[in-house]
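The values are calculated or read from the model by the stated rules, or taken from the named source; none is laboratory data. This structure is a prediction, so every number in the text was calculated from the model and none was measured. Here Cβ is always computed from backbone atoms with ideal geometry, including for glycine, and neighbour counts include all displayed protein chains. Note: areas computed on protein heavy atoms with side chains; ligands, DNA, RNA excluded. Shrake-Rupley method; radii C 1.70, N 1.55, O 1.52, S 1.80 Å.
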Amino acid sequence: MVLNYIFIGFFLIALAIGLMHLVFTGDFSLFNAMMQSTFEQAKNGFEISLYLTGVLSLWLGFIRIAEQSGLMQRIARRTSPVLSCLFPSVPKDHPALGNAFMNFAANLLGLDNAATPLGLKTMESLQELNDRKERDSDAMIMFLAINASGLTIIPTSIIAYRMQAGADNPADVFLPILVATAVSTLVAVIAIGIRQRINFLRRPLFLTLLSVILLIGTIVWSASALPAELFRTLSTGVSSLILFAIICGFLISGMRARINVYDAFIEGAKEGFHTAVGIIPYLIAVLVGIGVFRASGAMDYLIRGIRWAVESLGGDIRFVEALPTMLMKPLSGSGARGLMVDAMQTYGADSFVGRLCCTVQGATDTTLYVVALYYGAVRVRNSRYTVGYSLLADLAGCITAVSVTYLFFS
């Protein structure tokens, strides 16, 4: 229902702005730009789905090997004490918990290509437990909000973009990103946990959170002690090593279980193809709405209004130039990435705005894209409070990103 209102709102706001532009200028060019954007974004939605077809087929093939060999069930049993605290409606030995664990691990390492198919597989598993198929379950909301909060320990892609932009120390945004993304995820988990009455003092969950804090502390110390280029090389290499080790672990598990590994892979890959085709309409709908909103100039008007308000209150307006990235991030990952790169090119990679845009880019994920992708894959139409709470986490991440950027780089 929320996505329905957002989708309609994109077009109605664009229509209103286009009509005002036409009345005052007699120029139809804005409508031409909006129509061109609809076609471009429809093409973009199909191309993204086409790209996802290969990735989904690859990873769902390996996941099917893990399922048939019993590896996912073993992972679910070992992680169930913790994940059961966050997903109390999911049985302890259900494969959804193993898939969720793998998805979270991939996101933490910044492995988006691996995280997406694992996330889609998790949603399919959760949908099997859902009594009301067109409405999201509590477990789906918690899982989706954690994904939308964008928790990432190693932002390797952002560091790489900063290197390309000529930053003196490309990894200098590591700590601000870590703090901002941790706050975003924490707000998502706590807010939804309170809504769903989850007990955060249960021993497995409490000890896990403590362990995560210690792990983050170790990574922070490593990032501070090692040269930026060496840290980037190590973080990228370790991430790739872990990912390849996971693939080999799936294959070895299949060999030990004496299953036909190749046939299992093909069976899973076929499922990945059908999943990718099924999400095309949902992606196109969201991307077209976003494209029309951007082409109408609505984003520019919003930024100007905020700049005027901040100046009127006598506030520091340096953060305003990063607002396009902040506002675009929940809507479009590629759009926010483009705005981040543009900010570094315009103001400099080591400027306040350049660093803030990078911190915002790493603080959260593309909420509406994630919601459309994951719910579209399992045909969920009623998202209840998923979008609202996820956007709340995004807001917390952006506010924290601004705060820590002022703290670190002013």
#### Entry: Residue list for region 93-102, restricted to those being touching a residue at least 24 places away in the same chain (Cβ under 8 Å) and either open to solvent by less than 10 Å² (accessible area, probe 1.4 Å) or among the charged types (D, E, K, R) (or both)
96, 98, 99, 100
### Query
Going by the conditions given, is residue 271 within 21 Å of residue 374 (Cα to Cα) and under 24 Å from the mean Cα position of the chain (by Cα)?
yes
### Query
Of 347, 374, 301, which residue is of a type in the set (Ser, Thr, Tyr) and within 30 Å of residue 137 (Cα to Cα)?
374
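In the set 171, 188, which member is of a type in the set (A, V, I, L, M, F, W, C), under 24 Å from residue 88 (Cβ atoms) and part of a helix (DSSP H, G or I)?
188
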### Query
Within region 84-92, is even one residue free of Cβ contacts under 8 Å to residues at least 40 places away in the same chain and either closer than 22 Å to residue 365 by Cα or outside any helix (DSSP H, G or I) (or both)?
yes
### Query
What do you reckon, is residue 226 open to solvent by 40 Å² or more (accessible area, probe 1.4 Å), modelled with pLDDT under 85 and under 17 Å from residue 108 (Cα atoms)?
no
### Message
Let me confirm something: among 266, 280, which residue is under 29 Å from the mean Cα position of the chain (by Cα), open to solvent by 50 Å² or more (accessible area, probe 1.4 Å) and among the β-branched types (Val, Ile, Thr)?
### Response
266
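Is it the case that some residue within region 45-66 is in a helix (DSSP H, G or I), of a type in the set (D, E, K, R) and crowded, with 22+ Cβ neighbours inside 10 Å?
Applying the first criterion (in a helix (DSSP H, G or I)) to region 45-66 yields 45-66.
Next cut, of a type in the set (D, E, K, R) only: 47, 64.
Of the ones still in play, those that are also crowded, with 22+ Cβ neighbours inside 10 Å are 64.
Yes: region 45-66 contains one or more residues that are in a helix (DSSP H, G or I), of a type in the set (D, E, K, R) and crowded, with 22+ Cβ neighbours inside 10 Å.
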### Task
Give 147, 199 a once-over and let me know the one that is at pLDDT 85 or above, open to solvent by 70 Å² or more (accessible area, probe 1.4 Å) and on the phi < 0 side of the Ramachandran plot.
199
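Determine, yes or no, whether residue 381 is of a type outside the set (A, V, I, L, M), open to solvent by 10 Å² or more (accessible area, probe 1.4 Å) and closer than 29 Å to residue 53 by Cα. Spell out the reasoning first.
Details: of a type outside the set (A, V, I, L, M): yes; open to solvent by 10 Å² or more (accessible area, probe 1.4 Å): yes; closer than 29 Å to residue 53 by Cα: yes.
Yes: the conditions hold for residue 381.
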### Summary
The condition of being aromatic (Phe, Trp, Tyr) and either outside any helix (DSSP H, G or I) or open to solvent by less than 20 Å² (accessible area, probe 1.4 Å) (or both) holds, among 389, 374, only for 374
### Task
May I ask you to verify whether residue 355 is among the charged types (D, E, K, R), open to solvent by 40 Å² or more (accessible area, probe 1.4 Å) and at pLDDT 85 or above?
yes
### Query
So, in region 209-219, of the ones that are farther than 21 Å from residue 393 by Cα and under 22 Å from the mean Cα position of the chain (by Cα), which residue ends up modelled with the lowest pLDDT?
219
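Residues checked against (1) surrounded by fewer than 17 Cβ atoms within 10 Å (Cβ to Cβ); (2) touching a Pro at 6+ places or on another chain (Cβ under 6 Å); (3) not β-branched (Val, Ile, Thr):
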| residue | (1), (2), (3) |
| --- | --- |
| 14 | no, no, yes |
| 17 | no, no, no |
| 25 | yes, no, no |
| 28 | yes, no, yes |
| 32 | yes, no, yes |
| 35 | yes, no, yes |
| 38 | no, no, no |
| 43 | yes, no, yes |
#### Entry: Unique match (being in contact (Cβ under 8 Å) with a residue 12 or more places away in the chain and part of a helix (DSSP H, G or I)) among 380, 310, 402
402
## Note on the structure
Checked against (1) open to solvent by 30 Å² or more (accessible area, probe 1.4 Å); (2) free of Cβ contacts under 8 Å to residues at least 12 places away in the same chain, residue 337 satisfies every condition except (2)
### Task
Pairs only if they're at least six apart or on different chains, beta carbon under 6 angstrom, first in region 44-69 and among the charged types (D, E, K, R), second surrounded by fewer than 22 Cβ atoms within 10 Å (Cβ to Cβ); list them, first residue then second.
64/267
#### Entry: All positions within region 305-318 that are within 30 Å of the chain's Cα centre (by Cα) and either surrounded by fewer than 12 Cβ atoms within 10 Å (Cβ to Cβ) or polar (S, T, N, Q) (or both)
305
